[in-house]
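The values are calculated or read from the model by the stated rules, or taken from the named source; none is laboratory data. These numbers come from a predicted model, not from an experiment. Heads up, the Cβs are rebuilt from the backbone with ideal geometry, glycines too, and the neighbour counts pull from every protein chain shown. Areas reflect the complete protein model, heavy atoms only, side chains present, ligands, DNA and RNA absent. Shrake-Rupley method; radii C 1.70, N 1.55, O 1.52, S 1.80 Å.
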Amino acid sequence: MKTTTSTLLKSAGWLALTCASAPAAFAQQAPAADSAAQAAPAAEEGKVEEVVVTAQFRRQNLQRTPIAITAVSGEMLAARSQVSIADVAAQTPSVTLKPNSANYGSSLAANIRGVGQFDFHPALEPGVGVYVDDVYYSTLTGSILDLLDLDRVEVLRGPQGTLAGKNSIGGAIKLYSRRPTGDNSGYISGTYGSANRFDLRGAVDLGISQDLSLRLTGVTRTQDGYIERRDYGCDHPGEGIPATRDAGDCVLSRQGEVGYWATRGALRYKPSSNFEINIIGDYTSEKHEIAGGVLTYANYKGAGDVNPFATAIPFDSRFICGRYCNYSTYTSPADGALQASTIPGRLNYTGWGVSGQFEWKLADNVQLVGITAYRKYDETFSNEDDLSPMSVVLGGPNNVYFHAWSNELRLTGDALGHRLHYTIGGYMIDQKSFYVSRQDIRYAVPALVFVSGDPVPANSRAAFVHAAYDLTDQLTVTGGLRYTKEEKNYTFRRRDRAGNLLGGQYTTLDGKTGNYSGDNVDYRANVSYQITPRINTYVQWSTGFKGGGVNPRPYAASQVVTFNPETLSTWEVGVKSDLFDRRVRLNLAAYTSKYKDIQLTLNSCPQFNPPGVTIPCAMPANVGTARIKGFEAETSVRLFDGFMLDAAASYTDFTYKSIDPQAGGVGNPNGVQFGMVPPYTPKWKWSVGVQYQLGIGAIGSITPRFDISHQSRIWGAAVNSARTQINAYTLANARLTWRNEKRDIEASLEVTNLFNTYYYLTASEVSVTTGVANAQPGRPRQWAMTLKKSF
């Protein structure tokens, strides 16, 4: 099956590109390309918008789609002052999205309903699927996406094993860009704000010919950092740590900068209403100082010597700088036999991709869709976990090289008098990463100083079927099935900085290869009933899985162990309703899930230490099982013309039912314990947004908007402790927008974090026993002004 499926999918991919390279072969008289394939029906004044989604492989009204799904238009994203994918979570129930700390480079921590992933490593699998124009982004690195020129965002909650495939166990986030229409329209906008923020965005839609249109978009964003990196010796002279700056000028740099630019080109060829090709290319560059961090706990109890200075200096709270500063030096000085190590303290990410998609209507009720894509990125980053002049952990510069080629082929149609709606398809992806990491870990005994260079080839193949049958005009039954086969190899290289073999535990680790292969079958069964034309109910059982693999960070050959896939099965009931002449929309969902073979990263695994040696641990393992229960509510209210209110709330109850003794429990006090929850899993979330558009005659209109969101307490690590706890917080944003009467010019003033709340995005500790922890604060209150011209 593997050979047949691969051949078929590769052929489909080449067909998509071949068709795109020869448009004349299909040319015929046809109307200019339109946006019907993606645009929802025009909104009616004073009524909740009709939204069209494609979550079940065909265009459906959001309210008739029996899935817990949030759909947000590009216009609403802008109204909420949201610029990146991480911002979307604030108004989406049960969803947590965070930009990762400096430890993990430019990557996304993602969690939906208590299931997800925050570790960027390319050999590990995400727990939330991220898609852009139906192309899967298979690593967390490269997933901090700008919300550039989007038509909509769809967030599917709960396991999407049959619809989205592998690694959408928690859910899926799908971004859809605007397709070219050939109407020669466009826009340009500029933003200036706090900390020298400067954004420039633009798009142009060109009609090249009657059948061919092109849309070009671009964005650049820059902003100064908000975390001061200070010179400890300058701030505290006479304590035995030499200063590198003169007194009175103790700021070395500012972390948390923004330096981002991206561009995308979309070519759309539509020679007839039966055939369409879309070719999309994109390029992204990110260059700035590493993410900002603050030391939150400093009481070093490790056995290793982390003081490189002649004066006896304990690693304690003296190195906790403050709310928005640290004493990071980007250096571990030479100490005895240990050479000095230095990191650049900067992130440099470059990524690009190209995709081709054809949509071919073979008959009135049958369509063939093929999608092929190639993606590649190269990232360099570094980190200093102790954020001090001491020498606990210095990582980098680290390099990640990644490329992937994917193909998907889907046949979608209707049969049996339009009562049966089916999709049959296949998917494949071949990817390879090469991870180079330079580590200087001096809290270990003996100190670990090495350079890794690890190739990780991986592939996945899948075949799926999905069908919905309308038993009556009100009652529909749906079923889905997907089979997935995956393989992954990891070869470890551990050398010194000159490329020489190291002794000790590295003798047997260097050159060792870990192998993993596995398969999985996912299922979906759904029954929906349309009580009235505006009230739809459903009950569903669905499954999903996150792929297994090999521990990517062994510090000895004994730690080269595999871990199995984790699985989730969920029962869900929901109701979707448009009430009071579509002035109020209320969608509710409740669920209960069985979570098995849970993958978490252990920071303590002494059972895998070589005899007589204490080494670090960062090992993914299947730690046990859990029960997850929760509910979600979303509402939109349009009481009168110009008024909009949107609100959402969710509750997530995560309970471990069993814990592997090697991972935690009573016999392992440093491991996961009953009563703990996975990283970035809030029990409660809620949000409210309200705006009112007020007409002011020939001057145009003004629209004030206010958004507020709340997240309850979470933890940044699998082993919950006070050192990795992120307290509950509430954030508010405000925006005032003026539009002229023609609505082609607008100006807005926004304030984010209106009440200047101090909060953490992420939190971590070096290990459970070292007594060193840090966190990444969110930005303080900031303002910005934007001017936009459409044409």
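Odds and ends about this structure:
- Per-pair calculated FRET efficiency, R0 = 56 Å: residue 285 and residue 311 via Cβ, rounded to 0.05: 0.80
- All C-alpha to C-alpha distances of the chain, sorted into 10 Å bins beginning at zero, yield P(r) values of 3, 13, 23, 26, 20, 10, 4, 1, 0 percent in whole numbers.
- Net charge in the neighbourhood of residue 671 (other residues with Cβ under 15 Å of its Cβ; Lys, Arg +1, Asp, Glu -1) is -2.
- Of the trypsin sites (Lys or Arg not before Pro) found in the stretch 321-367, the ones in coil according to DSSP and having at most 16 other Cβ atoms within 10 Å of their Cβ are 323.
- Heavy-atom surface of the stretch 647-727, accessible at 1.4 Å and reported per residue (Å²): 43 Å²
- Here the stretch 92-231 was treated as a single set of alpha-carbon atoms; its pair distances binned every 5 Å from 0 give 2, 9, 14, 16, 16, 14, 14, 10, 4, 1, 0, 0, 0 percent.
- Under 26 Å of direct C-alpha separation, and excluding same-chain neighbours fewer than eight residues apart, residue 657 reaches these lysines: 166, 546, 594, 596, 629, 683, 685.
- Degrees separating the helix 2-21 axis from the principal Cα axis of the chain, which is the longest one: 70 degrees
- In plain terms, the chain from residue 45 to residue 418 could stretch by 131.0 nm, reckoned as 0.36 nm per residue minus the Cα-Cα distance.
- Within the accessible area of the stretch 247-326 (1.4 Å probe), percent carbon and sulfur: 52 percent
- Estimated inter-spin distance, residue 200 and residue 244, nm [label 7 Å along Cα→Cβ]: 3.3 nm
- Accessible area per residue, Å², the stretch 396-468 with all protein chains present, probe 1.4 Å: 31 Å²
- Note on residue 539 and residue 273: with the Förster distance fixed at 35 Å, the Cβ-Cβ geometry gives a FRET efficiency of about 0.40.
- The stretch 211-366 - accessible surface per residue (Å², probe 1.4 Å): 43 Å²
- Among the listed pairs 174/287; 47/361; 174/361; 174/788, those beyond 30 Å (Cα-Cα): 47/361
- A straight chain from residue 54 to residue 469 at 0.36 nm per residue would run longer than the Cα-Cα distance by 147.7 nm.
- Percentage relative contact order, the stretch 348-447, counting C-alpha pairs under 8 Å, at least six apart: 26 percent
- Across the stretch 259-264, coupling constants 3J(HN,Hα) worked out from phi with the 6.51/-1.76/1.60 Karplus curve, θ = phi - 60°, read x, 9, 8, 8, 9, 9 Hz, and Gly and Pro carry x.
- Using θ = phi - 60° in the Karplus curve 6.51 cos²θ - 1.76 cosθ + 1.60, the 3J(HN,Hα) couplings for the stretch 394-411 round to 10, x, x, x, 9, 10, 10, 10, 9, 8, 8, 10, 10, 9, 9, 9, 10, 10 Hz; x is entered for Gly and Pro.
- Over the stretch 251-387, equivalent-ellipsoid semi-axes from the Cα gyration tensor in Å: 53, 15, 14
- Applied to the stretch 726-733, the Karplus parametrisation 6.51 cos²θ - 1.76 cosθ + 1.60 on θ = phi - 60° returns per-residue 3J(HN,Hα) values of 10, 5, 4, 8, 10, 10, 10, 10 Hz, with x for Gly and Pro.
- Area accessible to solvent at residue 58, 1.4 Å probe radius, in Å²: 70 Å²
- Residue 741 long-range amide H proximity, modeled H, under 5 Å: 700
- Of the solvent-accessible surface of the stretch 60-210, computed with a 1.4 Å probe over protein heavy atoms with every protein chain present, carbon and sulfur atoms account for 54 percent.
- Label-to-label distance, residue 756 versus residue 517, with points set 7 angstrom from Cα along the beta-carbon direction: 6.1 nm.
- Hydrodynamic analysis of the stretch 636-791 uses the Kirkwood radius over alpha carbon pairs. Inserted into Stokes-Einstein at 25 °C and 0.890 mPa s, it gives a translational diffusion coefficient of 130 µm²/s.
- Extension gain (nm, one decimal) between residue 781 and residue 501, 0.36 nm per residue minus Cα-Cα: 95.7 nm
- Cα extents for the stretch 733-790 along the principal axes, largest to smallest and rounded to whole angstrom: 63, 23, 10.
- Placing unit charges on the Cβ atoms of the charged side chains and taking the dipole of the chain about its Cα centre, the candidate lying farthest along the positive direction among 413, 300, 389 is 413.
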